[in-house]
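Colleague: Before anything else, here's the structure in question.
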Amino acid sequence: MLDEQRVRCVSCAALLARDNNATVCSPCRRGQIEAMARRAALVTLDPDGARRAFDARGLHGVAAQLRCTAHEAIDVVVMLGLLPSAYRRRTEVLGRLVTLDRASHVAAAEALGLSRWTVATYRRDLGIDRTARAHSKPERRAAATA
């Protein structure tokens with residue numbers, strides 16, 4: 001009966017300590033703090049190299065430059081101010097969009113609940129569309145221009 005009155009962690013559903021007034025348990029909070037520290041460390045690792053990599057190859061270029069995942073690279077690009085400041089609130093959606101890298105704009109839009117124009121804009125701003133063009137087959141491009 002006492003357990004019913006106690007609050008559960010929104011992240012892992014564990015019971016919170018009685019003196020914890022937050023919505024997240026201590027182990028989950030520690031994980032969040034460690035992830036935040038790792039992203040901050042990535043930003044300071046090579047900010048100029050990350051900027052150059054983003055200009056040249058987009059988000060995946062930053063991930064390759066800093067040897068991190070694309071999700072971590074999103075945070076780095078946002079923290080460096082290479083994307084509009086409104087994107088800070090959309091990092092979760094951008095991360096899900098990165099996992100749909102090979103999907104069409106329409107399919108990604110349906111999966112994310114966005115318009116295909118928004119997906120196209122996000123991909124352009126992240127430099128993901130540049131990556132997709134680089135992966136396309138040269139014979140298909142040559143046939144299309146002929």
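The values are calculated or read from the model by the stated rules, or taken from the named source; none is laboratory data. Note that the structure is predicted; figures quoted are calculated from it, not measured. When we count neighbours, we look across all protein chains shown, and the Cβ atoms used for this are built from the backbone with ideal geometry, even at glycine. Quick note on the areas: whole protein, heavy atoms, side chains included, nothing else; ligands and nucleic acids left out. Shrake-Rupley method; radii C 1.70, N 1.55, O 1.52, S 1.80 Å.
Colleague: Between Thr69 and Cys12, 0.36 nm times their residue separation minus their Cα-Cα distance comes to what?
Modeller: That pair, Thr69 and Cys12, stretches by 18.2 nm at full extension.
Colleague: Net charge near Gly81, counting Lys/Arg +1 and Asp/Glu -1 over other residues with Cβ under 14 Å of its Cβ?
Modeller: Within the 14 Å Cβ shell, the charges total -2.
Colleague: Using a Gaussian network for the chain with springs between C-alpha atoms less than 10 Å apart, which of these wobbles most: Ala107, Ala35, Ala17?
Modeller: Looking only at Ala107, Ala35, Ala17, the biggest GNM fluctuation is shown by Ala17.
Colleague: Give me the percent of accessible area attributable to carbon and sulfur for the chain, probe 1.4 angstrom.
Modeller: 53
Colleague: Among (i) 92, 41, 25; (ii) 43, 39, 32; (iii) 75, 36, 24, which is the computed Cα extents along the principal axes in Å?
Modeller: The value computed from this structure is option (iii).
Colleague: Given a 1.4 Å probe, how much area per residue of segment 17-96 is accessible, in Å²?
Modeller: Working: 4810 Å² over 80 residues.
With all protein chains present, segment 17-96 gives 60 Å² per residue.
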